[in-house]
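Student: This is the structure I want to talk about, given as structure tokens.
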Amino acid sequence: MDVLFVWVGAFFTICIFSFLYKDNPFYKFAEHLAVGVSCGYYVNIYFWNFIKPFVIDPFKTGDPKSIALAIPPLILGLLFFTRFSPKYGWMSRWSMAFLLGFGNGVAIPRIIDQRLFVQAKATMFSLWGSGIGFWTLINNWIIFIGVLATLIYFFFSREHKGSFGVVARIGIIFIMVGFGASFGYTVMGRVSLLIGRVDFLLRDWLHLI
Amino acid sequence: MVTIYREIRFLTFLFFVPFFFSGILFAQDISSSFNLKAVDKPIDDGGAIEISWSLPKDINIEEIEKLELYRFDPGAAEPVKLGDLKPKQQKFTDESSDERKLRNKTPYIYQLKAIFKDGSQITSEKVEGISKIQWFEKRKFVIFIGTVLSIGLILYCIYKAKTDSNFFIRRMVVIDAIEEGVGRATEMGKPILFVSGTSTINDVATIAAINILSHVAKKCAEYGTRLIVPNKDSIVMTVQQEVVKEAYTSVGKPDAFREEDVFYITDDQMAYVAAVDGIMVREKPATNFFLGMFYAESLILAETGASTGAIQIAGTDAVTQLPFFITACDYTLIGEELYAASAYMSREPLLLGSLKGQDYLKFLIMIAILLGAILYNLGFTFLKDWL
Amino acid sequence: MKQKLPLTICFIMGVVMIIQYFVPALNSLYDTIRFWLLVVSGFVLCLGIYSLVRVHILKIRRKAPSWGYSYVTIAGLVWMSLVGFIWGKEEGTIFMNTFFLIQVPIQSTMFSLLAFFIASAAFRAFRMKNLEAGLLLIAAIIVMIGQVPVGASFIPGIADLKEWILNYPNLAAKRGIVIGVGLGMLSTALKIILGIERSYLSGGGK
Amino acid sequence: MKFFEFIQNLDRRWVFLLILIVVTVPFFMPLSLPIEITPSVKHIYDRVEEMSLQNNPKPILISADFGPEAIPELNPMLMALLRHCMSKKIPVITMTLHPAGPGILERAVAMVADEYNAEKGKDYVSLGFGVGSIIMMLQIGEDIKEGFPNDYYGNDINDLPLMDDVKNYDDMEFVFCMAGSGLYEAWITYAKSQYNATIATGVTGTMATDAYPFLQSGQLLGLIGGLKGAAEYETLIDQKDAAYRGMDSQSASHILIIILVILGNIASFVLKEKKENK
């Protein structure tokens, strides 16, 4: 059984790698199979984890409380199916409106808390004073100036000109250094994924190491 | 100089005197030996009381066998034992009675018993606890103020834009590129690929991408360019089908809309990417749009797209993926620009007004950071503590 | 009715959910609706599957380029759905075995392509065209060297420099972007709730 | 000049081939270079060491919220932390919020438990897959036993001695969440903000920079980033394994990319000069 897994795994690994050379039937096969199989996977995940316990089971057991809980999502879900009818298709917008209203409403206070307040708070630290190391102060200033300059860069209602432009330029410099750092930092993780695959091919499949 | 410093300190102090008083008002007195407290569990919808205590200092914790906590229900003669607790334990949340939850606004009496290893025991004082539903959470008060303020400011700017739409908005190269991208595809007679991120509809970035899609789709409909929109989420797909269909209808070509071009592939990240890669290599779109929330797949998409020679326009608020779009794509909307793009493209005064509102908020936040940092360095931490 | 009602629903839901955040008594409302959404997404997946199958059946019918592979997708979908429905999805079932046999190697290999692409992207795009591009390149190289043992053992201090770039300039830029994104999200979310941005309802920005 | 033109117009497939070679060769010729320890990794290690000095340490909750795509980076990390805990007899509760997670997690736990003769239910508990990610995080804040009435092997949770004193986050030393996505942010938002749980995280290389702000603002106890982080942890506990081995391939490929970038820049610079001279 394990041998089968290893050989099939190695086959698909090579199918996908072959795409690096060019598109070919092996890649096409693996790609189309992955789409079909993963779709079927999610059909099952959604069905067994959500639909069965929360929609089918309540009606089976007849427990009024869980039925009551199952009805609203049932209606919301079924409304989406009105799309198939040219006449009543617009009713699916009710569900969409519900989802969008919920999602965006939930987001607003959380954005203000997590993205604005927490981040602003973290930027309030020692900028001068005794008892704090010189380098700590310098670093704090770098963060402080960097955050403000980056924010300046994102102003839409002012031209990046004059002293405003200079600060915006500092902002973009911070952004670019940050992006470079992120890029460099990520190389590591990406290469380790490849190491994982090569390890699989060399050890589990070919037994070379 | 020193006097000014002192004055600032004093004035700030005066300003915040009320807050110090509120602190004194909310403080609790400490009197009994066990220091047993029964308080309503904060931030909930009632039905729970938190009991906390600390053992008297003269007791050696090693000698204690266990603690027993009792509750006297109103009207009942015998107490209910809530459980055997470990000597180290210092709190307990009581949230179940026979009726599952504690009744709100009902006084329950609690008492703690310490049983020693030698069999002796001591009992604590009795305290009363009442559980309540909280209708407003004090902790979130500051966030509430922030929410009201920011919503108010953006609304004000939108409202103002209604009457006075004559204000400056800086030019963005990427926006022009989006329009050129559609034109290029038309000239070459090749399709356009639009990926609105790989997240769900609950992600605001997805919505921002869909807003841009509606503009792109209209242009495509006008020029008769094929628009391919593969999806990773079925809800996002239904919304996008709606948006693209509406775009075709709005330019008077409802029949030109091909539902099979706005389609679902799979929920699986990598299988989705494999399929989109396949589309890029086989259909060779002239312009690729990658807008919205992206994860690791960003670079696979962008590099494959680059190898097919397409013009690539990307935009995301995912800070981790931005570096890859910046390097591998021709144009990139960075963070907030993604959200602004739709307003830019619509040229609607109302939407542009909201951009102005964002700028004001940005300014306020910068002031807050500046003020907060200065106050913090002057020894006042309240602004930082609030946030 | 066709337009007003959805806008009203959206507005009411939005406002209720904002208030919910501040009122602990409404905590269970949030949980309940979140849970509804999971169920709804289960239903909507049917629309997704319909779309997928339709695309592939059309391909087969039209004999579009490489239409034969569409059979593979449909077969995979049918197989995986059936074995899951019939024998369940626990460990050791055919469902889970198919998952480990097909999905896992394809997923991990697709993911590992990133190692190749990150190299080609760096090679292709890291050019010192101007100051910004130069800084991006230099920061990337410093971090890349500082990260691996070989760099740390041959160039003293580079690991510290790498940490410094990540912890200070990088952090500052990120925080600035995060705050900006927060504002963008805020105003987009607000525009949706208020029905100012309603492309999903009527096309266009209005 | 020809060489620079060749570099300038190099087909990217040559780059791909070079990367493959450079990653493969060190498997056969290891270099075993020393590894520097990052403070954020040390924090986690120190905390676990501290715990091992306590009489009755509270358990650590490890939530391995990753699927197959993150195995190469996160599995070595998971193994290293499990080894550290189990060798010091620190109780561990494991779970996963990723639907494809249980198989991966179980394999790692079973393997390490076997190495240290750790007893199921007493030294460690495997809870398996928790449905509904954020809902589950909130549930653990209230009562973990309601969220997981049974462990992964179907045992009643109340029968497991380790779980006797465990109700919610208050009874856990810290939560170590591992994710190839931004899920650790949800742990911070829900488990930390609402229930004051202590959170440490192990994430893939890409996610690590994203997590720095949270480390700096004190919302995270520690952070292990990518294969390098795992190699550091392996070095700290002196159990060198997969992550440590991979470090050589890692070094080689980084150097290759840097050389390519430098060559590319020289080529474009030289060709530009030449064009201008003409």
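The values are calculated or read from the model by the stated rules, or taken from the named source; none is laboratory data. Values in this document were obtained by computation on a predicted structure and should not be read as measured data. Neighbour counts run over all protein chains shown; Cβ positions are idealised from the backbone, glycine included.
Student: Could you tell me which of the residues C:V83, C:V40 is at the interface with another protein chain (Cβ under 7 Å from one of its Cβ atoms) and in a helix (DSSP H, G or I)? Spell out the reasoning first.
Tutor: Working: C:V83 fails: at the interface with another protein chain (Cβ under 7 Å from one of its Cβ atoms).
Within the list C:V83, C:V40, the selection yields C:V40.
Student: Next up: Go through segment D:107-146 and give me each residue that's of a type outside the set (A, V, I, L, M), under 20 Å from the mean Cα position of the chain (by Cα) and either within 14 Å of chain A (Cβ to nearest Cβ) or more than 17 Å from D:M178 (Cβ to Cβ) (or both). I'd like the intermediate steps shown before the answer.
Tutor: Taking segment D:107-146 as the starting set, the residues that turn out to be of a type outside the set (A, V, I, L, M) are D:107, D:114-117, D:119-124, D:126, D:128-130, D:132-133, D:139, D:141-143, D:145-146.
Narrowing further to those that are under 20 Å from the mean Cα position of the chain (by Cα): D:107, D:124, D:126, D:128-130, D:133.
If the condition is that a residue be of a type outside the set (A, V, I, L, M), under 20 Å from the mean Cα position of the chain (by Cα) and either within 14 Å of chain A (Cβ to nearest Cβ) or more than 17 Å from D:M178 (Cβ to Cβ) (or both), then D:R107, D:G128, D:F129, D:G130, D:S133 are the ones that fit.
Student: Moving to a separate point now. In this structure, does A:M91 turn out to be free of Cβ contacts under 8 Å to residues at least 24 places away in the same chain, surrounded by 22 or more Cβ atoms within 10 Å (Cβ to Cβ) and aliphatic (A, V, I, L, M)?
Tutor: Working: free of Cβ contacts under 8 Å to residues at least 24 places away in the same chain: yes; surrounded by 22 or more Cβ atoms within 10 Å (Cβ to Cβ): no; aliphatic (A, V, I, L, M): yes.
Spelling it out, it is not the case that A:M91 is free of Cβ contacts under 8 Å to residues at least 24 places away in the same chain, surrounded by 22 or more Cβ atoms within 10 Å (Cβ to Cβ) and aliphatic (A, V, I, L, M).
Student: So, in segment A:48-90, exactly how many residues are of a type in the set (F, W, Y) and in contact with a Gly (Cβ under 7 Å, 6 or more places away or on another chain)? Show your work before the answer.
Tutor: So the first thing to find is which residues in segment A:48-90 are of a type in the set (F, W, Y), and the list is A:48, A:50, A:54, A:59, A:80-81, A:84, A:88, A:90.
Narrowing further to those that are in contact with a Gly (Cβ under 7 Å, 6 or more places away or on another chain): A:50.
Selection size over segment A:48-90: 1.
Student: How many residues are more than 15 Å from C:F35 (Cβ to Cβ) and either outside any helix (DSSP H, G or I) or in contact with a helix residue (DSSP H, G or I) (Cβ under 8 Å, 6 or more places away or on another chain) (or both) when one looks only at segment D:126-143? Steps first, please.
Tutor: Going residue by residue through segment D:126-143, those that are more than 15 Å from C:F35 (Cβ to Cβ) are D:126-129, D:140-143.
Those still in the list that are either outside any helix (DSSP H, G or I) or in contact with a helix residue (DSSP H, G or I) (Cβ under 8 Å, 6 or more places away or on another chain) (or both) too: D:126-129, D:140-141, D:143.
Adding up the residues that qualify gives 7.
Student: What tally of residues in segment B:318-345 results from selecting those that are over 22 Å from the mean Cα position of the chain (by Cα), farther than 13 Å from B:I169 by Cα and in a helix (DSSP H, G or I)?
Tutor: 6
Student: On to the next question. Any idea which of (1) buried (at least 20 other Cβ atoms within 10 Å of the Cβ); (2) outside any helix (DSSP H, G or I) is the one A:G171 doesn't satisfy?
Tutor: Failed condition: (2).
Student: Looking only at helices (runs of 4 or more DSSP H) that lie completely in segment D:1-100, which have at least 3 residues being surrounded by 19 or more Cβ atoms within 10 Å (Cβ to Cβ) and in contact with a strand residue (DSSP E or B) (Cβ under 6 Å, 6 or more places away or on another chain)?
Tutor: On the way: elements: D:2-8, D:12-28, D:39-53, D:71-87.
Once the helices (runs of 4 or more DSSP H) in segment D:1-100 are filtered for at least 3 residues that are surrounded by 19 or more Cβ atoms within 10 Å (Cβ to Cβ) and in contact with a strand residue (DSSP E or B) (Cβ under 6 Å, 6 or more places away or on another chain), what remains is D:39-53, D:71-87.
Student: Something else now. For the structure I just gave you, tell me whether A:F29 is more than 7 Å from every other protein chain (Cβ to nearest Cβ) and at pLDDT 95 or above.
Tutor: Spelling it out, it is not the case that A:F29 is more than 7 Å from every other protein chain (Cβ to nearest Cβ) and at pLDDT 95 or above.
Student: Out of segment D:192-235, which residues are of a type in the set (G, A, S), closer than 25 Å to A:F125 by Cβ and within 10 Å of chain A (Cβ to nearest Cβ)?
Tutor: D:S193, D:A208, D:S217, D:G218, D:G225
Student: Sticking with this one: Do any helices (runs of 4 or more DSSP H) entirely within segment D:168-263 hold 1 or more residues that are closer than 19 Å to D:Q139 by Cα and modelled with pLDDT of 85 or more, and if so, which? Full working, then the answer.
Tutor: Values: elements: D:183-186, D:205-216, D:226-236.
Helices (runs of 4 or more DSSP H) meeting the threshold: D:183-186.
Student: Quick one: which residue in A:K22, A:K52, A:K87 is within 30 Å of the chain's Cα centre (by Cα), modelled with pLDDT under 90 and more than 7 Å from chain C (Cβ to nearest Cβ)?
Tutor: On the way: A:K22 fails: modelled with pLDDT under 90; A:K87 fails: within 30 Å of the chain's Cα centre (by Cα).
So the residue among A:K22, A:K52, A:K87 that is within 30 Å of the chain's Cα centre (by Cα), modelled with pLDDT under 90 and more than 7 Å from chain C (Cβ to nearest Cβ) is A:K52.
Conditions (1) within 14 Å of another protein chain (Cβ to nearest Cβ); (2) touching a residue at least 12 places away in the same chain (Cβ under 8 Å), marked per residue:
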| residue | (1), (2) |
| --- | --- |
| D:D46 | no, no |
| D:S63 | no, yes |
| D:F66 | yes, yes |
| D:A70 | yes, yes |
| D:M79 | yes, yes |
| D:M86 | no, yes |
| D:L105 | yes, yes |
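Student: Please find, among B:I178, B:I143, B:I154, B:I158, the residue that is in a helix (DSSP H, G or I), of a type in the set (A, V, I, L, M, F, W, C), surrounded by 15 or more Cβ atoms within 10 Å (Cβ to Cβ) and free of Cβ contacts under 8 Å to residues at least 40 places away in the same chain.
Tutor: Details: B:I178 fails: free of Cβ contacts under 8 Å to residues at least 40 places away in the same chain; B:I154 fails: free of Cβ contacts under 8 Å to residues at least 40 places away in the same chain; B:I158 fails: free of Cβ contacts under 8 Å to residues at least 40 places away in the same chain.
Criteria check complete, one pass: B:I143.
Student: In this structure, does B:I334 turn out to be farther than 30 Å from B:G309 by Cβ and either within 13 Å of chain C (Cβ to nearest Cβ) or aliphatic (A, V, I, L, M) (or both)? Explain how you work it out, then say what you get.
Tutor: Values: farther than 30 Å from B:G309 by Cβ: no; either within 13 Å of chain C (Cβ to nearest Cβ) or aliphatic (A, V, I, L, M) (or both): yes.
Considered against the rule, which asks whether it is farther than 30 Å from B:G309 by Cβ and either within 13 Å of chain C (Cβ to nearest Cβ) or aliphatic (A, V, I, L, M) (or both), B:I334 comes out as no.
A quick yes/no check of all residues on (1) without any contact (Cβ under 8 Å) to a residue 24 or more places away in the chain; (2) under 27 Å from A:F125 (Cα atoms):
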position	(1), (2)
C:A139	no, yes
C:Y168	yes, yes
C:L171	yes, yes
C:G195	no, no
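Student: For the condition assigned to a helix (DSSP H, G or I), closer than 30 Å to D:G246 by Cα, at the interface with chain A (Cβ under 7 Å from one of its Cβ atoms) and without any contact (Cβ under 8 Å) to a residue 12 or more places away in the chain, what is the one hit in C:T98, C:T109?
Tutor: Values: C:T98 fails: without any contact (Cβ under 8 Å) to a residue 12 or more places away in the chain.
Every option except C:T109 fails the conditions.
Student: Same structure again: Which residue, of C:A133, C:A172, is assigned to a helix (DSSP H, G or I), at the interface with chain A (Cβ under 8 Å from one of its Cβ atoms) and surrounded by fewer than 23 Cβ atoms within 10 Å (Cβ to Cβ)?
Tutor: Values: C:A172 fails: surrounded by fewer than 23 Cβ atoms within 10 Å (Cβ to Cβ).
On inspection, the qualifying residue turns out to be C:A133.
Student: Out of all the residues in segment A:96-104, is one or more in a helix (DSSP H, G or I), more than 7 Å from every other protein chain (Cβ to nearest Cβ) and surrounded by 14 or more Cβ atoms within 10 Å (Cβ to Cβ)? Before the answer, list the steps.
Tutor: Taking segment A:96-104 first, the residues in a helix (DSSP H, G or I) are A:96-104.
Going one step further and asking which of them are more than 7 Å from every other protein chain (Cβ to nearest Cβ), we end up with none.
So far as segment A:96-104 goes, no, none of its residues is in a helix (DSSP H, G or I), more than 7 Å from every other protein chain (Cβ to nearest Cβ) and surrounded by 14 or more Cβ atoms within 10 Å (Cβ to Cβ).
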